[in-house]
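A short write-up of the structure that comes next.
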Amino acid sequence: METPNLPDIRALRPAWNKGRIVGQKRPLKPKHVCAIRVRLELAENHRDLALFNMAIDSKLRGCDLVKMKVVDVMASGQIKERASVLQSETKKPVGFEISEGTRASVEKWMEDELMVGSEFLWPRRFHERLHISTRLYARFVRDWVTSIGLEASAYGTHSMRRTKVTQIYKKTGNL
């Protein structure tokens, strides 16, 4: 029995992941973290430096990081040594230590005029002072990574989350 000739089935548009690296993103290496910090310090970009440092220290998902409030990290005019944030995905609190360098960068960021009267730690410039979006945070991460010459598609917001954990594991062999 012969099969009739069927018309070719063609996709209307190419697949979203054609030519892209998909899957787990790499963590940043210590030399990359240092290079990004130096670039942000030289550019005197206090918000990005504080955001970068807090992302590394907190190990939070992007959605939780951008929603952080000033009261989460500040008490009686001082940046806390330890902070706790309720995760939106698991609904469980996660505590983390804020390093000395991060506290200094956040303190410098708090002095900025954009922070006056802000409820959120990373406020938008417009739209009634809500927090920045996770999409904007992803753009920041892409810009940081490309500024030191790395391939942007190999790193993402989750790379920030995995960086400190990977460094601890390499040093101690235990989490």
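The values are calculated or read from the model by the stated rules, or taken from the named source; none is laboratory data. Computed from a predicted model, the values in this text were never measured in an experiment. Cβ placement follows ideal geometry from the backbone for every residue including glycine, while neighbour counts extend to all protein chains displayed.
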- List pairs: first in the stretch 1-22 and within 30 Å of Glu151 (Cβ to Cβ) and aliphatic (A, V, I, L, M), second at pLDDT 80 or above and outside any loop (DSSP other than H, G, I, E, B), Cβ under 8 Å, 6+ apart or cross-chain? Ile21/Ser153; Ile21/Ala154
- Message: So, in the stretch 113-138, exactly how many residues are of a type outside the set (A, V, I, L, M, F, W, C) and either in contact with a Ser or Thr (Cβ under 6 Å, 6 or more places away or on another chain) or surrounded by 13 or more Cβ atoms within 10 Å (Cβ to Cβ) (or both)?
- Response: 8
- Message: Cβ-Cβ distance below 9 Å, separation of 6 or more or different chains: which pairs start in the stretch 149-175 with a residue that is surrounded by fewer than 12 Cβ atoms within 10 Å (Cβ to Cβ) and end on one that is of a type outside the set (A, V, I, L, M, F, W, C)?
- Response: Ala154/Lys25; Ala154/Arg26; Leu175/Tyr169
- Identity of the residue in the stretch 23-41, without any contact (Cβ under 8 Å) to a residue 24 or more places away in the chain and in a loop (DSSP other than H, G, I, E, B), that ends up surrounded by the most Cβ atoms within 10 Å (Cβ to Cβ): Lys29
- Item | Selected residue (criterion: farthest from Ser159 (Cα to Cα)) from residues of the stretch 45-104 that are of a type in the set (Asp, Glu) and without any contact (Cβ under 8 Å) to a residue 40 or more places away in the chain | Glu81
- Task: Working only within the stretch 51-105, note down all residues that are under 20 Å from Val116 (Cβ atoms) and among the hydroxyl-bearing types (Ser, Thr, Tyr).
- Result: Ser76, Ser105
